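Colleague: What follows is a single structure, and I will ask about it in a moment.
The values are calculated or read from the model by the stated rules, or taken from the named source; none is laboratory data. A quick note: this is a predicted structure, and the numbers were derived from the prediction, not measured. Note: ideal-geometry Cβ built from the backbone for every residue, glycine included; neighbour counts use all protein chains shown.
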Amino acid sequence: MSSISNKWLAGVLLIALFNCKPATGQPPEHDTLTLSEVWKKAAIYNKMLQMEYLRVQGMQEKVKTAKDERLPEIKADGVYARVSNLAIYEDGLLKAPSQFPVVHGYYKVGADAYLNVYNGGKTSREIITRQTESDLAKEQQNLSASEIRYKAASYYLDIYRYRTYEKVMLQDISEREKELEEIRELFKNGVVLKSDILRAELKLSKQRMTLLEIRNGIKIANQRLNIMIGQPDSTYNFIASDSLALSSIRERTYENYLADAYEHAFAFKISEKETTLSELKLKDVKSAVLPKVGLYAEYAYAYPQILFYPYAISLYGLGQVGVKAGVPISAFYQNRHRKQEATINLQRQEIEHADTKDKVRQDVNEAYIRYTEALTRIQVANDNIIQAKENFRIVNNTYFNQLSLLTDLLDAETQLLQSRFDLTTAQVTAQLLYYQLLKATGNL
């Protein structure tokens with residue numbers, strides 16, 4: 001029964017080892033990346049940012065279109081018509097009319113131009129509105145770029161974290177294999193029980209399964225990063241060894257970060273632009289009652305001349321220039337509720353802007369507190385590793401001197417491994433929280 005169990009366990013271990021190998025014999029395409037290079041590639045190849053860039057370009061064209069409204073309007077037109085005889089009802093509609101013959105062909109070709117002189121400032125406000133919308137689109141693009149950089153940093157640091165886990169796990173598996181050989185020697189000498197070997201083998205099998213999960217995590221994070229920066233899925237990204245730069249992070253006070261946020265936070269700038277648009281909308285509604293003045297000119301050739309008496313069966317030309325002016329009288333009573341609506345929308349937008357300011361302050365405060373907490377966690381994780389190493393050293397010595405149980409040794413090994421994982425997790429979390437703090441302040 002014991003030999004059958006050993007063969008079954010050996011088969012499981014062989015399968016686990018086989019699954020840990022690459023799927024193909026060919027080495028995957030690879031590239032060594034720094035985080036700054038990842039951000040540069042994301043700015044060029046990320047599809048979301050490409051769409052935002054095109055949206056900004058479209059808004060800039062709208063600004064140019066609004067400026068074109070200041071140019072004169074020029075129109076050319078032509079008319080061709082067949083004219084019926086002129087019916088004259090001398091004895092009333094109930095009697096047959098006399099037919100007065102006319103020229104049946106009518107032609108007219110002309111052109112006219114209109115130059116707006118004053119329309120209540122609508123054209124200037126339209127230009128300002130389109131420019132503000134363009135600036136708003138630019139800030140939204142910056143916000144999207146900041147979010148993409150943060151997400152790319154998350155995927156990048158995921159790869160770094162899993163690669164570090166892999167390195168730690170490979171070292172731990174190597175040590176556990178050596179330990180298993182020592183336990184087998186003790187068993188041959190009759191010092192320990194067979195159950196100790198089985199527990200050690202089971203622990204090693206679990207470690208190899210964990211290694212497989214870590215490597216699968218690397219593959220998933222690697223594909224996410226490749227999609228983010230426009231690389232083929234087959235690209236195997238090697239992370240630069242100096243990916244974590246916590247030592248170079250300049251420590252600043254919360255007040256410094258908050259002042260930065262009020263000046264650079266993209267959400268805050270977007271809210272400002274939206275408030276400005278509401279103000280422009282209110283001014284535009286108020287201007288609906290203002291007069292409109294413009295210069296016009298027109299000239300046309302027509303045949304025959306039937307506009308003025310006496311009529312002439314011949315081609316004639318007629319032109320005129322002048323000033324057009326108008327006052328929308330009905331707007332004085334039709335515009336009242338529109339103005340009230342625009343006023344309410346502006347008040348709502350001002351409250352929303354104040355709420356955005358509160359959210360920015362909240363985000364900066366939370367990110368700052370979590371970041372400082374993460375720095376403390378790194379120190380704690382370093383201390384835990386020192387303690388776990390000492391605990392493992394003591395328990396390892398006592399076990400092989402038959403002064404403690406294997407379960408104590410396995411627990412000490414697990415604690416040491418977990419403390420190493422915790423340090424990597426704390427370092428990556430601190431780095432990511434720092435980027436979150438930069439994103440909250442508009443500096444990422």
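Colleague: Scan the stretch 161-174 for residues that are out of contact with any helix residue (DSSP H, G or I) (no Cβ under 6 Å at 6 or more places or on another chain) and touching a residue at least 60 places away in the same chain (Cβ under 8 Å) and jot them down.
Modeller: Step one: list which residues in the stretch 161-174 are out of contact with any helix residue (DSSP H, G or I) (no Cβ under 6 Å at 6 or more places or on another chain), which gives 163, 167, 170-171, 174.
Correct list: ARG163 only.
Rundown of residues vs (1) of a type in the set (A, V, I, L, M); (2) touching a Ser or Thr at 6+ places or on another chain (Cβ under 8 Å); (3) closer than 30 Å to GLN431 by Cβ; (4) at pLDDT below 90, yes/no style:
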position: PHE332; (1), (2), (3), (4): no, no, no, yes
position: ASN335; (1), (2), (3), (4): no, no, no, yes
position: ASN345; (1), (2), (3), (4): no, yes, no, no
position: ALA354; (1), (2), (3), (4): yes, no, no, no
position: ASP383; (1), (2), (3), (4): no, no, yes, no
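Colleague: Which residues, taken from the stretch 299-327, are of a type in the set (Phe, Trp, Tyr) and either surrounded by 12 or more Cβ atoms within 10 Å (Cβ to Cβ) or part of a helix (DSSP H, G or I) (or both)? Talk me through it step by step, then tell me what you get.
Modeller: The initial filter retains those residues of the stretch 299-327 that are of a type in the set (Phe, Trp, Tyr), namely 299, 301, 303, 308-309, 311, 316.
Result: TYR299, TYR301, TYR303, TYR311, TYR316.
So that you can scan it fast, the table gives a plain yes or no per residue for (1) modelled with pLDDT under 90; (2) under 30 Å from LEU416 (Cβ atoms); (3) part of a helix (DSSP H, G or I); (4) in contact with an Asp or Glu (Cβ under 9 Å, 6 or more places away or on another chain):
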{"site": "GLN140", "(1), (2), (3), (4)": "no, no, yes, yes"}
{"site": "GLN171", "(1), (2), (3), (4)": "no, yes, yes, no"}
{"site": "ASP196", "(1), (2), (3), (4)": "yes, yes, yes, no"}
{"site": "ALA200", "(1), (2), (3), (4)": "yes, yes, yes, yes"}
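Colleague: Shifting gears a bit: I'd like to know if the stretch 410-420 contains one or more residues that are closer than 29 Å to TYR254 by Cα, polar (S, T, N, Q) and buried (at least 17 other Cβ atoms within 10 Å of the Cβ).
Modeller: Of the stretch 410-420, the ones closer than 29 Å to TYR254 by Cα are none.
No: zero hits.
Colleague: Out of all the residues in the stretch 266-291, which are assigned to a helix (DSSP H, G or I) and more than 30 Å from ARG149 (Cβ to Cβ)? Steps first, please.
Modeller: In the first step, residues of the stretch 266-291 are kept if they are assigned to a helix (DSSP H, G or I); the result is 266-289.
SER278, GLU279, LEU280, LYS281, LEU282, LYS283, ASP284, VAL285, LYS286, SER287, ALA288, VAL289, listed by residue number.
Colleague: Scan the stretch 99-127 and report the pairs whose first residue is in contact (Cβ under 8 Å) with a residue 12 or more places away in the chain and among the aromatic types (Phe, Trp, Tyr) and whose second residue is surrounded by 14 or more Cβ atoms within 10 Å (Cβ to Cβ) and not in a strand (DSSP E or B), with Cβ atoms within less than 9 Å and a gap of 6+ or a chain change.
Modeller: Here the result reads TYR106/PRO304; TYR106/ILE306; TYR107/PRO304; TYR118/LEU290, each pair linking the stretch 99-127 to a residue that is surrounded by 14 or more Cβ atoms within 10 Å (Cβ to Cβ) and not in a strand (DSSP E or B).
Colleague: Taking the stated definitions as given, is GLN362 more than 17 Å from THR424 (Cα to Cα), loosely packed, with under 14 Cβ neighbours inside 10 Å and without any contact (Cβ under 8 Å) to a residue 12 or more places away in the chain?
Modeller: Details: more than 17 Å from THR424 (Cα to Cα): yes; loosely packed, with under 14 Cβ neighbours inside 10 Å: yes; without any contact (Cβ under 8 Å) to a residue 12 or more places away in the chain: yes.
So GLN362 fits the description; yes.
Colleague: Let me ask another. Just to be sure, is THR398 within 20 Å of ALA200 (Cα to Cα), surrounded by fewer than 17 Cβ atoms within 10 Å (Cβ to Cβ) and over 42 Å from the mean Cα position of the chain (by Cα)? Step through it out loud before you land on a result.
Modeller: Values: within 20 Å of ALA200 (Cα to Cα): yes; surrounded by fewer than 17 Cβ atoms within 10 Å (Cβ to Cβ): yes; over 42 Å from the mean Cα position of the chain (by Cα): yes.
So THR398 passes the test.
Colleague: If I filter the stretch 65-76 down to residues being surrounded by fewer than 11 Cβ atoms within 10 Å (Cβ to Cβ) and not in a loop (DSSP other than H, G, I, E, B), which single residue comes out as nearest to the chain's Cα centre (by Cα)?
Modeller: Going through the stretch 65-76, the residues surrounded by fewer than 11 Cβ atoms within 10 Å (Cβ to Cβ) turn out to be 68, 71, 75-76.
Filter once more, so that each one left must be not in a loop (DSSP other than H, G, I, E, B): 68, 75-76.
On the way: ASP68: 32, LYS75: 45, ALA76: 47 Å.
Among residues in the stretch 65-76 that are surrounded by fewer than 11 Cβ atoms within 10 Å (Cβ to Cβ) and not in a loop (DSSP other than H, G, I, E, B), the one nearest to the chain's Cα centre (by Cα) is ASP68.
Residue by residue, here is whether (1) closer than 30 Å to ALA76 by Cα; (2) of a type in the set (D, E, K, R); (3) surrounded by 20 or more Cβ atoms within 10 Å (Cβ to Cβ) holds:
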{"position": "TYR114", "(1), (2), (3)": "yes, no, no"}
{"position": "ARG125", "(1), (2), (3)": "yes, yes, no"}
{"position": "TYR155", "(1), (2), (3)": "no, no, yes"}
{"position": "VAL168", "(1), (2), (3)": "no, no, no"}
{"position": "GLU185", "(1), (2), (3)": "no, yes, no"}
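Colleague: Run GLY110 past the list (1) assigned to a helix (DSSP H, G or I); (2) surrounded by 13 or more Cβ atoms within 10 Å (Cβ to Cβ) and report the number of the one that doesn't hold.
Modeller: All conditions are met except number (1).
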